[in-house]
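Below is one structure, written out as structure tokens; comments come after it.
The values are calculated or read from the model by the stated rules, or taken from the named source; none is laboratory data. Keep in mind that this is a model prediction, so the values were computed, not measured. Positions of Cβ are backbone-derived with ideal geometry, glycine not excepted, and every protein chain shown enters the neighbour counts.
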Amino acid sequence: MLRVFLLKLLWVYQKFFTLIGFGSCRYYPSCSEFARINFQNNSILSAFYHSLTRILRCNQLFDGGIEYPLLDKLSIKPKNLGLDSIKYWLVPNKKNRFYIIKNFSYKGKQC
């Protein structure tokens, strides 16, 4: 329930408030997108920690660049593996962690 509330809050922020500072994030994906992906895929405490450290680094003192969120634990085993049914690509990192990369061909939930 808390996860759903936080995701809706992020949706409101992305929909209405990012227009004020459009293009001002120093990272790809943007800090709000990074937080959204973290809250969808990781535990709430882990998502808070990683999102907060990312937001604190999003300033003129850091270079910025490409930083994908990391999946802490792989727990979902997909049933249907069509290109349009995959929401995120998981790229292995060290120590059984995965980078989460958005699939731009994803068209929503498939039945």
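Data overview
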read-out: Flag if residue 99 is at pLDDT 75 or above and assigned to a strand (DSSP E or B); value: yes
read-out: Residues of region 1-51 classified as exposed (fewer than 13 other Cβ atoms within 10 Å of the Cβ), β-branched (Val, Ile, Thr) and in contact with a helix residue (DSSP H, G or I) (Cβ under 9 Å, 6 or more places away or on another chain), total; value: 1
read-out: Options 44, 66: the member that is under 22 Å from residue 104 (Cβ atoms) and of a type in the set (Val, Ile, Thr); value: 66
read-out: Residues being within 15 Å of the chain's Cα centre (by Cα) and within 23 Å of residue 5 (Cβ to Cβ) - total across region 39-75; value: 21
